Amino acid sequence: MSPFFSFKTYLLGEKYIDSIYIGLIYYSWKTMVHTYVRSCNLSGELGMNSQDVILGMLMKKSSSGYEIKQSLEGLFNYFYQSSYGTIYPTLSRMEQEELITKENVQQEGKPNKNVYTITEFGRAKFNAYMLSPVENDSFKSDFLMRLFFGEYVGYDKVIAWLHEAQRAFQMNLDRLNDLFEHEKDYLPLTKIICIQIGLKGYRANLEAIAEGLVQMEQLEQEKRK
C-alpha cells in the first residue's frame, strides 16, 4: 500500500477537525497503517531489509526465486515493500555470503528452476535479527503533508482526497480480509495477530475518513450559502 493513502487529519483555516486530528489519531496506530505485520517489524542494526525478509521466508521451507517474488507481491506487500528488480541480485549476494545455497532443479516439460535453502549461518543471522532491538517504523506521507496544509486549497479538493483515500483503504481492507479468510486455518497465532492489527487499522482509517467527510461536506455546504 502506498504511503500516500496513510492518513488522517487536517487543519482548515483556524479550525481543527477535532475528531480526526491527524497527529494524535495517526501516530497512535501508525503501525497498523501498512497493515498486517508492521507491528512485528523486528530489525537489526541497519533496519529490516530484503535479506532479513528472505531469510525469514526460507526458515520454514526452501523456495524458488519465483516463489519468493510471489510472496513479496502477496501478503508481504502489506508490510514490506521491495524493489522486485533487486530480489535476484540480493539472492546472489546472499549465496556468496553463504547465508543460503542454490540448487538447480530440473522440471519435466518446464524450464529448470533455482531453489534456495537457508544455511546454518543464515539461520544464525536471522535469529540475531529477530533478537535485536525493535526499531521504530520510519514513515513519510505526501498525502498527510498535503492534507495538513489543506487550508490552502478548496474544500472540494480536500473532499476529493478523502474519497480517494476511502476507496484505497476499502480496497486494501477487502483484499487483506480475503487473504486472511483463505489462510487463517493454516497460520500460527503470531501471524493471525499481525493480520488482525492490520485489519483493525484499515477499519479505524475508514471510520475517521467517514467522519472527516461529513464535517468537510458540512463546511462546503456552509460556504455555498
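The values are calculated or read from the model by the stated rules, or taken from the named source; none is laboratory data. It should be emphasised that the depicted structure is a prediction, and the values quoted were computed from it without experimental measurement. Cβ placement follows ideal geometry from the backbone for every residue including glycine, while neighbour counts extend to all protein chains displayed.
With the requirement that a residue be over 20 Å from Glu164 (Cβ atoms) and assigned to a helix (DSSP H, G or I), what does the range 187-209 give you? Can you show your working first?
Going residue by residue through the range 187-209, those that are over 20 Å from Glu164 (Cβ atoms) are 187-200.
Residues satisfying the conditions are Leu189, Thr190, Lys191, Ile192, Ile193, Cys194, Ile195, Gln196, Ile197, Gly198, Leu199, Lys200.
Select from the range 134-164 the residues that are part of a loop (DSSP other than H, G, I, E, B) and more than 20 Å from the chain's Cα centre (by Cα) and write down the one among them that is nearest to Leu213 (Cα to Cα).
Quick first cut of the range 134-164, residues part of a loop (DSSP other than H, G, I, E, B) only: 134-141, 149, 153-154.
This time we only want the ones that are more than 20 Å from the chain's Cα centre (by Cα), so: 149, 153-154.
Details: Phe149: 16, Val153: 16, Gly154: 14 Å.
Going through the qualifying residues, I end up with Gly154.
Restricting the range 138-159 to residues that are surrounded by 16 or more Cβ atoms within 10 Å (Cβ to Cβ) and not aromatic (Phe, Trp, Tyr), which is nearest to Asn205 (Cα to Cα)?
Kept after step one, since they are surrounded by 16 or more Cβ atoms within 10 Å (Cβ to Cβ), are these residues of the range 138-159: 141, 143-144, 146-147, 150, 155, 158-159.
The next check asks that each one be not aromatic (Phe, Trp, Tyr); those that pass are 141, 144, 146-147, 150, 158-159.
Details: Ser141: 15, Leu144: 13, Arg146: 17, Leu147: 14, Gly150: 18, Val158: 16, Ile159: 15 Å.
Once the filter is applied, the top-ranked residue is Leu144.
Considering only the range 191-201, I want to know if a residue exists there that is among the polar types (S, T, N, Q), outside the structural domain of Glu97 (by TED's automatic domain parsing) and out of contact with any Leu (no Cβ under 9 Å at 6 or more places or on another chain). Let's see the steps before the verdict.
Residues of the range 191-201 that are among the polar types (S, T, N, Q), as a first pass: 196.
Then drop every residue that is not outside the structural domain of Glu97 (by TED's automatic domain parsing), which leaves 196.
Now narrow it down to the ones that are out of contact with any Leu (no Cβ under 9 Å at 6 or more places or on another chain): 196.
Yes, the range 191-201 has at least one match.
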